[in-house]
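Please read the structure below before turning to the comments.
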Amino acid sequence: MCLIVFAWRPDHTQPLVVAANRDEFHARPSQPLGHWEDAPWVIAGRDLQAGGTWMGITTGGRFAALTNIRAPGQPTALRSRGELPERFLRAELPPPEYIAKVAERHGDYAGFNLLVGDHQSLWHFNSHSGMATALEAGVYGLSNAGLDTPWPKLKKARAALAAALDQPDTSRLLALLADPQPAAEHELPQTGVPLEWERRLSSIFIVSPEYGTRASTALIRHADGALDVLERSFGPYGPSGEVRYRHPPRG
């Protein structure tokens, strides 16, 4: 994932509301949201190159998501970051215990932000700072820096999510993820990539022939355990598919 905005409201009837865009090279193979054959309780997309995932949830309500930290010149990593959310979704460790284990070996991976949670808590870990945080109720955003780093697209998407929380639904969440407007040049962050790329990466939804938003995902977890997930996939020239998941099924 390259942009995640989310509301954590543990005492609400909809405790977790997430809108996220996965940005990646179009040539990197992946499969869309669905149950995994080797772990049928996991509902997630899957990276077919390294085998992990960028975001997922389980039928029991465990949630995990990942963003990369943009830092050109990072050393080659020993392991794929996508295994971090995957291992949490497969496991039964409580979030703080899992985060503690990740913190012990975070140097095996290139820079990342990791979110993991269950019905009781939601945790964030930033590999550059080494800080693990149990999140309080609130509306948050992650892109390719720290939690709530005020990049223009993060601020815009987080504000749009906050405005949608009166009546959140997955279609409304996908709509806020579809904004292709780049930031004004004076607002662009300086992350060590060329100006052309800073401009291209500054929009909520990214479009280019070689790299762009591959999937937009909206997720709502209800207090009674019900899940609503809607994912729309994209190729270099437009939408390529859509998957809706509801647990338990309705109708």
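Once the Kirkwood radius over Cα pairs is known for region 3-247, the Stokes-Einstein relation at 20 °C and 1.002 mPa s delivers a diffusion coefficient of 119 µm²/s.
Among T59, T170, the sequence by solvent-accessible area, most first, with a 1.4 Å probe is T59, T170. Qualifying GluC sites (Glu not before Pro) in region 70-125, where qualification requires a DSSP coil assignment and no more than 13 other C-beta atoms within 10 Å, comprise E92.
Sorted from longest to shortest, the spans of the Cα atoms of region 130-190 along the three principal axes equal 35, 33, 13 Å.
Solvent-accessible area of the chain (1.4 angstrom probe, protein heavy atoms only): carbon and sulfur portion equals 53 percent.
Ordered from highest to lowest accessible area with the whole protein assembly present and a 1.4 Å probe, D11, D228 read as D11, D228.
Residue-wise HN-Hα couplings along region 12-19, as the Karplus relation 6.51 cos²θ - 1.76 cosθ + 1.60 with θ = phi - 60° gives them from phi, are 9, 5, 10, x, 10, 10, 10, 10 Hz; Gly and Pro carry x. Take region 3-247 with all the other protein chains still there, run a 1.4 Å probe, and you get 43 Å² of accessible area per residue.
For region 81-201, the orientation-averaged shadow of the C-alpha convex hull comes to 8.9 nm² (one quarter of the hull surface). Phi angles across region 62-76 convert, under the Karplus curve 6.51 cos²θ - 1.76 cosθ + 1.60 with θ = phi - 60°, into 3J(HN,Hα) values of 6, 10, 8, 8, 9, 10, 7, 9, 7, 8, x, x, 4, x, 4 Hz, Gly and Pro given as x.
If you average 1/r across every pair of different Cα atoms in region 60-122 and take the reciprocal, what Kirkwood value do you get, in Å?
Hydrodynamic radius (Kirkwood, Cα only) of region 60-122 equals 12.3 Å.
A straight Cα-to-Cα reach below 17 Å connects K155 with the aspartates and glutamates D179, E185, E187, E198, residues fewer than 8 places away in its own chain not being considered. Database remark: amide H of W36 closer than 5 angstrom to the amide H of V42, A44 (H placed geometrically; neighbours at sequence offset of 5 or more, or on other chains; Pro and chain starts carry no H).
Computed per residue of the chain from DSSP H runs no shorter than four, each worth -39500 (n - 2.57), the mean residue ellipticity at 222 nm is -5000 deg cm²/dmol.
In percent, what relative contact order does region 1-87 have, based on Cα pairs under 8 Å that are 6 or more apart in sequence?
Answer for region 1-87 is 22 percent.
The values are calculated or read from the model by the stated rules, or taken from the named source; none is laboratory data. Just so we're clear, the structure is a prediction, and the values are computed from it rather than from any experiment. All Cβ positions, glycine included, derive from the backbone under ideal geometry; neighbour counts span all protein chains shown. Only protein heavy atoms, including side chains, enter the accessible area calculation; ligands, DNA and RNA are left aside. Shrake-Rupley method; radii C 1.70, N 1.55, O 1.52, S 1.80 Å.
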